[in-house]
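K.L.:
Right, I'll just put the structure down here and ask away after.
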Amino acid sequence: MAESTALDVQGVSKRFGGLLAVDDLSFAVRENEVLGLIGPNGSGKTTVMNLISGLLKPNGGEIFLGDRKISDRPARIIARAGVARTFQLVRILPSLTVLENVIAGAVFGHKRLWGRAVRQFALRQLERVGMGHAVDAPTASLTYIDEKRVELARALASDPRILLLDEWLAGLNPTELQIGIDLISSLREEGRTIILVEHVMDAIRSLCDRCVVMNSGAKIAEGTPEQTLADREVIRAYLGDEHA
Amino acid sequence: MDILITGVLLGATYSLIAMGLTLQYGVARIMNLANGEMLVAGAFGAFWVFTTQKLSPFTSVAFVAPGAFVLNWLIYRFLLRPLVRRAKNRGMLEVDSILATFGMAFAFVGIMLLVFGGEYFTYSYLDEPVAIFGSPFGLNRVVACLVSVALCGLLYLGLNATRTGMALRAVAVDPAAAGLVAIDVPRMSTFAFALGGAVTAVGGIVLSTFLTMDASIGIVFTMKALIIVIMGGVGDVRGAIIASLILGLAETAVASLIDPGLTLAAAYLLFLLVLLFRPEGLFGRRQS
Amino acid sequence: MTRRETVSVAMVAVALAILACLPFLVDGYLLSLAVGIAMYTVLATSWALFSGPTHYISLATAAFYGLGAYVVAAGVDVIPYAVLLGLAGIAGGVVAALVGLATLRLSGVYFVIFTLGLAELVRQIVTWVQNNLTGSRGMYVLTEITERMIFWELLALAAAVYLIGWLVTRSRLGFALRIIGNDEVVAAHVGINSAASKLALFVISGTFAGTVGAVMAPRFTYIEPSIAFSPELSFQVVIMALLGGVHRLWGPLVGVIPFTILWEVIAGRFPTQTVLLLGIAFLLIVYLIPNGVVGRIESAIKLAGRSVKHG
Amino acid sequence: MNRRTALKAVIAAVFAGSLASLAIGAAHAADPIRIGAVAPKTGPLAAGAAVTHWPNIQLWAHQVNEQGGLKMKDGTRRKVEIIEYDDRTNPGETIKAVQRLATQDKVDFILAPYGTGLNLAAAPIFAKYGYPQITSTSITDKTAELTKRYPSIFFTLGTTTALANSVAGILVKLHNEGKIGNKVAMVNVADAFGIELAESARPIFKDAGLEIVFDKSYPLGTQDLSPIVKGAKAANPDAFVAWSYPPDTFGLTAQAKIEGLDTKAFYTAVATAFPVYLAKFGKSVNGVLGAGGVNPDTPAMKAYYAAHKKVTGKDADYWASPVMYATLQVLGQAIEAVGTDRKAVTDYIKNATFKTVMGPWKFTNQSIHDFWTVGQWQNGTFYGVASTGLSGAKPVITKTGW
């Protein structure tokens, strides 16, 4: 397994008005690694995802994709470089069909297909996430879980090197959760690098190679899931002082 | 100095044009393209009072202001609220209200043609010079400036020091949240729209003392008002006042120092620059 | 091309051929009505190419249109008319590009108001240039171009607009615009350069509006700024397109035709209350046909389909 | 019937009705002579048309019909019926309305539209259907070219060059008499009319020995003209000339009064001759020069002004109003002489001499070459003080303060 760095976050900060949402955060993600980004609500995890995907620009610090600096690039360039993501609040394109939603991922970005080829490719992604039955359905008919699957298929359609999943497993029932976990590990088998923002501890334990724990915008721990979840600081952040 | 005073006088004129729309757009979220017609209607009222009743045009406030208030109340209640209900989001409401009020503007022009006829209406009232720092200025413009200051001051006080004003501002900032704290949003919107209409009509009375108008001229005022409201930042009375002053000063400066032929071009250019560098307007809040 | 597409292209071609014969059949008033319809069809369709998918309401049509008319008026005595048409299109496109670069990041109502102001700005600059630099005395466009020829030119433009529209819908660009219209954040995250895509379409619609202005200039004989840059034109284009429906290529057409006819009937029947009745008719349209004629037609088809299934 | 089907029915009925009415038009050619009129009732030029254009049509039709109609060659009398359209100051609409009148309403005659631009836009259509177009409110220097191109167009109000020439003439005369200096401040509205006049005037003024000390334009719709007037005043001119349009004619005058721009010669162009100008400014307009003018002392003119007031309830203006009325008289007299054959009427207008409120009119090269160019308010009346060959001009006076 390659040990080279896929993504390097160096001293990044993000400020919203008076609020410091991300405070001098640094971590690195190795190639083909699954990194869990965890922490209590409001600790700045989603902001970090947004900074990586280019939705937000950091006020300080830099982010590198391999050796290429991406923190000053717009989202579309970062997407073309091979970073794809899902959103915490699912963003489905409502006036497109399910298949078109997935095709959208494979046309303009890292993968640039068109015509018949893109259709075939998108169909495969849909089947993969278990949505092969609803190809031409209007998006209005989808359940929340189905929407999440379609969104993942769209992210996969760009054949990403780095996949950002923002609480993608949240809200699944135990059976679905297992399917989801299997799906993510199969993605990793393909050699993709994955960053997860997640609250589901089972998923974190079974999927992540390492975890970065955030609180109030800063990194408070980093290491394997076992190490970090046992860390006193982390427990205090999650549960308060009396449990630490 | 001349430029400064002329610019301020012109700016005050502009704020009279724009103040009503600020309320209507800022609080009720209606981009009212029929705003200029309301102004012209107010001016007609003043003209009528002056020419047929031989009274000061300002006495027409007595019936123009309540008339415009009631009329705009009814318009919002019966024509615009259905659109507000129908709209799924703010964008849709904006499109719908632009279309609907455009139709209303046409209808108003038609009604005014029927009622007042198509000629120019202009009269002389207070068009004598007063000296300010040794230079002559039209008394009617100075009066307009004073009225404008008074009106803006009243509005500002009303919005900041009364309960209703607070509610109005809350609706302007966030209608959904305002609803949550038990503010009757539809009622406040209706009130703001009606008040805006009345303010515009009163502005028309004042402007009629020095501008020549006719039934079809409303669109000119609407355009100016739109620019000022957007420039100042939506729903912010202070912003609208500052934007009016800036426009007035800029136009006067360009006319006096560069070339009068470029005044309007300069105004639009300024507007463009503001939009480019502060798209939310001078005093607007950045939308997250 | 699928078979269905081949059929529709053939049908459009036949329809255009039949329409091209129109000037031999009708004349005078009906022809000028047809010219009006053709003009608004080109303007509204090219407008909808941009505004339909992006939801940007542009009121700048009059700016491009007036510019096109002025290009012709300024050059008609020295440059061949055909060249002028091209120049007018380029002028419209270039201004659209400049404006687009500056303003397409504005959203919603800011863009609307800006484009409305733009028509005024262009008009002010054009008249100032005319007044101070070129010094031409009145802008006359005295040519031998007849209404028939204008109709044919417009028809050709309509064919071009439909062709381009069709190509765009099938292309990555068209797909990109649909995504942008749905969600710009997603668009950016799948790698779409939304500014460039929007700009491309804005330039296309500006080019068409400029060319239409140039085509119509000979009809006006005498070009005045207040007439060439009339804001009413921009509004009418928007209204007709929205009335028809902007999500189908043929949507604006089904808005333009009934609207023009309704307008004519009102203008003809009630010459003294035209404006009042136009306003009322317009309000009725906004309140009763909110999704445009296309929306009505499509929901009717859906309804029919459902009743067939159940029946 | 539920709401949706009701709505559909309404829409269907509207469109069916629209098509039907388009197709049928009004084809019955009855006894009255049917005359079409297209001009702005709304839009930027509507207010001007409401002063100069529409009231004269009303007056003329009223007078003709009151007498029982036009007296035809065969001794019968035919009334006139006016069919009006509003072109909303939009040349596309003007063209369409003229065509509608010609091919759908099949009217016997069509009155010329209002204003230079709209008249020229409609000229090809008038020519195409052979309708005489006797313009009363268009001023152009291209008369020669236009009349050659359109054999049935007639011009009556004058040319821009003549207008500029006469203003120069008056200023030079006042200068030579030692009443004013030779420094002129000139401003113009940046619209086709103002630009054209300013362009014409510059060389003419210069050749006449006048020095233009201030020369600026301002956009149509400027709400504050004080910088212009201040600038003009600062140049310390002996005469002030504004090639202005109605709203700014009022604005410039008001501002000049306020700023104390007290030139001995003060000229504003369009709308100076409007009664509302006098009504607005009262006695202080005495001595103001403007475009147009009339000789109001002729019996015909006195009768015209009285009738205008009586029938329409409004005062006629002192420039284009009587000219407009005269064009209607020309049309009426031509119809009385040769009937409703449009070719014959056009030929008759080209050759005959007409008795009009403006005095005898004889067209040469389809134009009237004798017209008033400059008028001046003198004791509550706007007298013609300069013309191209008309008699009855009042001597021009210098203005003494506001």
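The values are calculated or read from the model by the stated rules, or taken from the named source; none is laboratory data. Source: prediction; values computed, not measured. For neighbour counting, all protein chains shown are included, and Cβ atoms are generated from backbone atoms with ideal geometry for every residue, glycine included. Accessible surface is based on the protein model in full, side chains and every heavy atom, while ligands, DNA and RNA are left aside. Shrake-Rupley method; radii C 1.70, N 1.55, O 1.52, S 1.80 Å.
K.L.:
Return the calculated 222 nm mean residue ellipticity for the protein assembly as shown, to the nearest 500 deg cm²/dmol, obtained by summing -39500 (n - 2.57) across DSSP H runs with n ≥ 4 and dividing by the residue count.
P.N.:
About -18500 deg cm²/dmol.
K.L.:
Taking each residue of C:175-184 in turn, how many C-beta atoms of other protein chains fall within 10 Å of its C-beta, and what is the average?
P.N.:
5
K.L.:
Give the relative contact order (percent, whole number) for segment C:187-270; include only Cα pairs under 8 Å separated by 6+ residues.
P.N.:
12
K.L.:
Follow-up. Using +1 on the beta carbon of Lys and Arg, -1 on that of Asp and Glu, and nothing else charged, what's the dipole of segment A:93-159 about the Cα centre, debye to 20?
P.N.:
280
K.L.:
Still on this model: Using amide H atoms built 1.01 Å from N in the peptide plane, name the residues 5+ places from D:Y85, or on other chains, whose amide H lies under 5 Å from its own.
P.N.:
Result for D:Y85 returns D:A37, D:V38, D:A39.
K.L.:
At 7 Å along Cα-to-Cβ for each site, give me the label-to-label distance between D:A144 and D:K206 in nm.
P.N.:
2.2
K.L.:
Here is a follow-up. Using alpha carbons only, how many angstrom separate the centre of segment D:71-145 from the centre of segment B:164-240?
P.N.:
44
K.L.:
Roughly how compact is segment A:1-45, stated as its Cα Rg over 2.2 N^0.38 Å to two decimals?
P.N.:
1.38
K.L.:
May I pose another question? Can you give the accessible area buried between chains C and A, summed over both chains, with a 1.4 Å probe, in Å² to the nearest 100?
P.N.:
1900
K.L.:
Can I ask one more? How big is the gap, in Å, between the Cα center of segment A:90-169 and the Cα center of segment D:344-397?
P.N.:
Using only Cα atoms, the two centres lie 80 Å from each other.
K.L.:
Within 10 Å of each Cβ in peptide C:287-299, how many partner chain Cβ atoms are there on average? Round it to a whole number, please.
P.N.:
Mean shielding count: 2.
K.L.:
Put one equal scatterer on each alpha carbon of segment D:235-290, apply the Debye formula with no solvent term, and list log10 I(q)/I(0) at q = 0.15, 0.22, 0.23 1/Å to two decimals.
P.N.:
For the requested q values the scattering log ratios are -0.35, -0.79, -0.86.
K.L.:
Whole-Hz Karplus ³J(HN,Hα) for segment C:284-290, in order, using 6.51 cos²θ - 1.76 cosθ + 1.60 and θ = phi - 60°, x for Gly and Pro?
P.N.:
Rounded to whole hertz, the list is 4, 4, 4, 7, 9, 10, x.
K.L.:
Would you grab the residues whose amide H sits under 5 Å from the one on D:Q378? Only those 5+ places off in sequence or on another chain, please, with H modelled 1.01 Å from N.
P.N.:
Long-range HN contacts for D:Q378: D:G287, D:Y383.
K.L.:
So which residue, out of A:H110, A:H133, A:H199, gets the largest mean-square fluctuation from a GNM of chain A using Cα contacts under 10 Å as springs?
P.N.:
A:H133
K.L.:
Give a residue-ordered list of calculated ³J(HN,Hα) values for segment A:162-170 (Karplus: 6.51 cos²θ - 1.76 cosθ + 1.60, θ = phi - 60°; whole Hz; x for Gly, Pro).
P.N.:
Once rounded to whole Hz, the list reads 10, 10, 9, 10, 9, 6, 6, 8, 5.
K.L.:
Two decimals, Cα atoms only, Kirkwood Rh: what is Rg/Rh over chain D?
P.N.:
Result for chain D is an Rg/Rh of 1.02.
K.L.:
Ignoring ligands, DNA and RNA, what percent of the 1.4 Å accessible area of chain D is carbon and sulfur?
P.N.:
That fraction is 55 percent.
K.L.:
Moving on to the next point. Quick check: the distance between the Cα centres of segment B:73-123 and segment C:47-89, to the nearest angstrom?
P.N.:
30
K.L.:
Please give every one of the lysines within straight-line cross-link reach of D:K310, meaning a C-alpha to C-alpha distance under 17 Å, and leave out same-chain neighbours fewer than 8 residues apart.
P.N.:
In chain and number order, the partners are D:K302.
K.L.:
For D:K41, give me every one of the lysines with a C-alpha distance below 17 angstrom, ignoring sequence neighbours fewer than eight places off in its own chain.
P.N.:
By straight Cα distance, D:K41 reaches D:K96, D:K314.
K.L.:
Per residue, how large is the accessible surface of segment A:93-159? Use a 1.4 angstrom probe and give square angstrom.
P.N.:
Here the per-residue accessible area is 41 Å².
K.L.:
Taking a threshold of 20 Å on the Cα-Cα distance, which of the pairs D:K106/D:K362; D:K148/D:K362; D:K79/D:K350 fall above it?
P.N.:
Result: D:K106/D:K362; D:K79/D:K350 exceed 20 Å.
K.L.:
Does segment A:93-159 classify as rounded, prolate or oblate by the C-alpha gyration tensor (a ≥ b ≥ c root eigenvalues; a/c under 1.5 gives rounded; else a/b over b/c gives prolate, otherwise oblate)?
P.N.:
prolate
K.L.:
Relative to the compact globular guide of 2.2 N^0.38 Å, what is the alpha carbon radius of gyration of segment C:1-87, as a ratio?
P.N.:
After normalising by residue count via 2.2 N^0.38 Å, the value is 1.41.
K.L.:
With the radius of gyration and the Kirkwood radius both derived from the Cα set of segment D:139-275, what is their ratio Rg to Rh?
P.N.:
1.00
K.L.:
How would you classify segment B:158-288 from its alpha-carbon gyration tensor, with a ≥ b ≥ c the square roots of the eigenvalues: rounded for a/c under 1.5, else prolate if a/b is greater than b/c, otherwise oblate?
P.N.:
Note, shape of segment B:158-288 comes out oblate.
K.L.:
Right, another one. Based on the Cβ-Cβ distance of D:D74 and D:H369, what FRET efficiency does E = 1/(1 + (r/R0)^6) give at R0 = 35 Å, to the nearest 0.05?
P.N.:
According to the calculation, E is roughly 0.55.
K.L.:
Let me ask something additional. If N is the number of residues in chain B, what value comes out of its Cα radius of gyration divided by 2.2 N^0.38 Å?
P.N.:
Taking N as the residue count of chain B, the ratio is 0.98.
K.L.:
Next question. Using only atoms on other chains, find how many Cβ atoms lie within 10 Å of each Cβ of peptide A:87-97 and report the average.
P.N.:
Per residue, the average neighbour count from other chains is 3.
K.L.:
Which one, B:S216, B:S97, B:S135, has the greatest fluctuation when you compute a Gaussian network model over chain B with C-alpha springs under 10 angstrom?
P.N.:
Most flexible of the set in this elastic network: B:S135.
K.L.:
Would you kindly calculate the translational diffusion coefficient of chain A, applying Stokes-Einstein with the Kirkwood radius from alpha carbon pairs, for 4 °C and a viscosity of 1.567 mPa s, and quote it in µm² s⁻¹ without decimals?
P.N.:
Answer from the Stokes-Einstein relation: 71 µm²/s.
K.L.:
Determine the equivalent ellipsoid of segment C:7-46 by diagonalising the alpha-carbon gyration tensor, then write out the semi-axes as square roots of 5 times the eigenvalues, largest first, rounded to whole Å.
P.N.:
Value: 20, 16, 5 Å, ordered largest first.
K.L.:
Using Cα atoms only, what is the angle between the long axis of helix B:263-277 and the major principal axis of chain B, expressed in degrees (0 to 90) to the nearest 10?
P.N.:
The answer is roughly 30 degrees.
K.L.:
Calculate the radius of gyration of the Cα atoms of segment D:300-365 to one decimal place, then report Dmax, the largest Cα-Cα distance, as a whole number, both in Å.
P.N.:
My reading of the Cα-based Rg and Dmax gives 13.1, 36 Å.
K.L.:
With a 1.4 Å probe and all protein chains left in place, how much of the accessible area of chain C comes from carbon and sulfur atoms, in whole percent?
P.N.:
The computed percentage sits at 70.
K.L.:
Continuing with this model, one more query. With all distinct Cα pairs included, what does the Kirkwood hydrodynamic radius of segment C:22-167 come out to in Å, to one decimal, could you say?
P.N.:
Here the Kirkwood hydrodynamic radius works out to 16.9 Å.
K.L.:
While we're here: Kirkwood-based Rg over Rh for segment C:12-310 (C-alpha set), two decimals?
P.N.:
0.98
K.L.:
Taking the alpha-carbon distance from A:K57 and a cut-off under 23 Å, which lysines remain once sequence neighbours fewer than 8 residues away in the same chain are dropped?
P.N.:
A:K14, A:K45, A:K69, A:K219, C:K198
K.L.:
If I build a Gaussian network model for chain D, linking alpha-carbon pairs within less than 10 angstrom, which residue out of D:K310, D:K41, D:K183 has the largest mean-square fluctuation?
P.N.:
D:K310
K.L.:
Under the Kirkwood approximation applied to all pairs of distinct alpha-carbon atoms, what is the hydrodynamic radius of the protein assembly as shown in Å?
P.N.:
This gives a value of 33.4 Å.
K.L.:
Considering the options D:G292, B:Y125, A:L113, tell which one lies farthest towards the positive end of the dipole of the protein assembly as shown, charges being +1 on Lys and Arg and -1 on Asp and Glu at the Cβ, about the Cα centre.
P.N.:
With unit charges placed on the Cβ atoms, the residue in question is D:G292.
K.L.:
Explain nothing, just compute: Karplus ³J(HN,Hα) = 6.51 cos²θ - 1.76 cosθ + 1.60, θ = phi - 60°, for every residue of segment D:181-193 in order, whole Hz, x for Gly and Pro.
P.N.:
Couplings: x, 10, 8, 10, 9, 10, 10, 9, 6, 7, 9, 3, 4 Hz.
K.L.:
For D:I110, what residues show an amide H to amide H distance below 5 Å, using hydrogens built from the backbone and excluding near sequence neighbours?
P.N.:
D:G36
K.L.:
Packing-wise, with mean Cβ within 10 Å as the measure, how do C:93-102, D:268-277, B:155-164, C:120-129 rank, highest first?
P.N.:
Result, highest mean first: D:268-277, C:120-129, C:93-102, B:155-164.
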